[in-house]
1. So, of the residues in the stretch 80-96 that are assigned to a loop (DSSP other than H, G, I, E, B) and in contact (Cβ under 8 Å) with a residue 12 or more places away in the chain, which turns out to be nearest to the chain's Cα centre (by Cα)?
2. Give Asp14, Asp66, Asp50, Asp33 a once-over and let me know the one that is of a type in the set (Asp, Glu), modelled with pLDDT under 85 and at negative phi.
3. What number of residues in the stretch 6-32 are in a loop (DSSP other than H, G, I, E, B), over 17 Å from Glu81 (Cβ atoms) and of a type in the set (A, V, I, L, M)?
4. Looking only at the stretch 86-112, filter to residues that are over 24 Å from Leu49 (Cα atoms) and modelled with pLDDT under 90; which one of those is surrounded by the most Cβ atoms within 10 Å (Cβ to Cβ)?
Amino acid sequence: MNQGAKTIICPVSDVAQAKRLYSTLLGVGPYVDSPYYVGFRVGDQEVGLDPHGHRGAGAVAYYQVDDIKESLRELLEAGAETLQDVKDVGGGKLVASVKDTDGNAIGLMQNP
């Protein structure tokens with residue numbers, strides 16, 4: 001039975017910049033920090049940065065946040081670019097998305 005994704009791997013070209021951005025997004029530093037892989041853990045979710053991965057379009061993972069406007073601001077300051085500004089998608093649920101410096105999409109979601 002599928003229990004859902006436990007790992008998200010993001011191909012990156014600038015590991016230092018990606019570490020800064022993902023540390024900001026996740027609120028933790030990496031637990032693995034090597035030239036071939038940088039890994040973050042939040043609960044049972046793993047987010048990995050792969051400097052040797054293939055770049056291209058992929059699925060957007062939406063991160064649940066308490067304050068979407070503040071989270072968006074922090075990510076933009078950390079080097080992300082806006083893909084979609086904050087938008088109410090119904091019932092007060094807010095979403096936004098950015099791309100990291102390698103073009104990987106990051107989604108943010110705030111429930112009412």
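1. We begin by selecting, within the stretch 80-96, every residue assigned to a loop (DSSP other than H, G, I, E, B); these are 80, 89-93.
Narrowing the set further to residues that are in contact (Cβ under 8 Å) with a residue 12 or more places away in the chain leaves 80, 91-93.
On the way: Ala80: 10, Gly91: 24, Gly92: 22, Lys93: 19 Å.
The qualifying residue nearest to the chain's Cα centre (by Cα) is Ala80.
2. Values: Asp14 fails: modelled with pLDDT under 85; Asp66 fails: modelled with pLDDT under 85; Asp33 fails: modelled with pLDDT under 85.
That would be Asp50, the only listed residue that is of a type in the set (Asp, Glu), modelled with pLDDT under 85 and at negative phi.
3. Residues of the stretch 6-32 that are in a loop (DSSP other than H, G, I, E, B), as a first pass: 6, 12-14, 27-31.
Still in the list and also over 17 Å from Glu81 (Cβ atoms): 6, 27-31.
Among the residues that remain, those that are also of a type in the set (A, V, I, L, M) are: 28.
Here the count works out to 1.
4. Filtering the stretch 86-112 down to residues over 24 Å from Leu49 (Cα atoms) leaves 86-94, 110-112.
Keeping just the survivors that are modelled with pLDDT under 90 gives 89-91, 93, 111.
Values: Val89: 9, Gly90: 7, Gly91: 7, Lys93: 13, Asn111: 11.
Ranking the qualifying residues of the stretch 86-112, first place goes to Lys93.
The values are calculated or read from the model by the stated rules, or taken from the named source; none is laboratory data. On a predicted model such as this, the values are computed, not experimentally measured, just so you know. Note: ideal-geometry Cβ built from the backbone for every residue, glycine included; neighbour counts use all protein chains shown.
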